[in-house]
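Taking it in order: structure first as structure tokens, then the write-up.
Please treat every number below as a calculation from the coordinates, not as lab data. On a predicted model such as this, the values are computed, not experimentally measured, just so you know. A quick note on method: Cβ atoms are made from the backbone with ideal geometry, for glycine too, and the neighbour counts reach across all protein chains shown.
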Amino acid sequence: MCGRFTLTYRKAELLAAELGVPVESLGDYRPRYNIAPTDSHWIMRMRYEDRELLPAKWGLINFWMSDRKQALKNINARAETVQKLPSFREAFARRRCVVPADGFFEWTGPKEERKPISFHRSDGRLILFAGLYESWQPYPGEKERTFTIITTEPNSLLEPIHNRIPVILQDEAVDEWLYARQMPGSLMELLCPARVDLLVGTPVSTRVNAVQNDDPHCLRLADDAVSVTRTH
């Protein structure tokens, strides 16, 4: 699964340029070092012929739901069942999005001694998760946008750590994923593990274990840090 991630670009202008959106759409952007379920973040969708960046909360809530109970259950959607499950199939057909990030966390060790590993690109650039979004009404007359991140089977880098990996879209596949008229068969081909040389893993501070911690110290190298790299 993907349960925490980061977006640490310091300058909104640089982030907007890499995403291909107007910098004004980032509003009150600030770097994030420990984004957790139910937090507000950004999603990118296609609006006519242009990319559009919008705020949304992590944890998909379907439009027919009347409370937030489902949000924590729907932070991730499995690629294998995304076309079939009622919670995701309509969004898969009509409301696909990209979730911008520059890293995500997984953990090793026993529950009482969880050791976090930050997985990120060696060049520090964006990683773009395949996502879905919905809008629901928490109160009459009020709309709230929510999203989920699609996961798939791990590549050989993640396999020793976790049995899932977030789907990371290749740069050239982003518009294909976002374009509303794409056929389901071609879209499913995009929901594959990232190539094994895309990411590296860096053990980081256990400070990230607590969701209330959201600062650069979350990414401080662990005292016993040894980088995790591809196995083949």
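Worth a mention:
- Rounded to the nearest 0.05, the FRET efficiency derived from the C-beta distance between residue 170 and residue 54 at R0 = 22 Å is 0.45.
- Remark: the range 86-95, residue by residue, has Karplus-estimated 3J(HN,Hα) of x, 5, 10, 5, 6, 5, 4, 6, 10, 9 Hz, where x stands for each Gly or Pro and the curve is 6.51 cos²θ - 1.76 cosθ + 1.60 at θ = phi - 60°.
- Karplus-derived HN-Hα couplings along the range 66-83 (A = 6.51, B = -1.76, C = 1.60, θ = phi - 60°), whole Hz, x at Gly and Pro: 10, 8, 8, 4, 7, 4, 5, 6, 10, 6, 10, 10, 6, 4, 5, 10, 5, 7
- 16 Å cut-off, amide nitrogen to a point 7 angstrom out along residue 135 Cα→Cβ, residues in the range 77-102: 91, 94-97
- Residues whose amide H lies under 5 Å from that of residue 39, counting only those 5 or more places away or on a different chain, are 58; hydrogens are built 1.01 Å from N in the peptide plane.
- Trypsin sites (Lys or Arg not before Pro) restricted to the range 22-100 and DSSP loop, no more than 11 other C-beta within 10 Å: 69, 84
- Approximate spin-label separation residue 121-residue 39, in nm, with each point projected 7 Å along Cα-to-Cβ: 2.0 nm
- Label-point gap, in nm, between residue 183 and residue 68 - each point 7 angstrom along Cα→Cβ: 4.2 nm
- Pairs from 11/143; 73/143; 11/111 whose Cα-Cα separation, in the structure shown, is over 26 Å: 11/143; 11/111
- In the chain, the DSSP-assigned H stretches of four residues or longer account for a calculated mean residue ellipticity at 222 nm of -2500 deg cm²/dmol, using -39500 (n - 2.57) per stretch and the full residue count as denominator.
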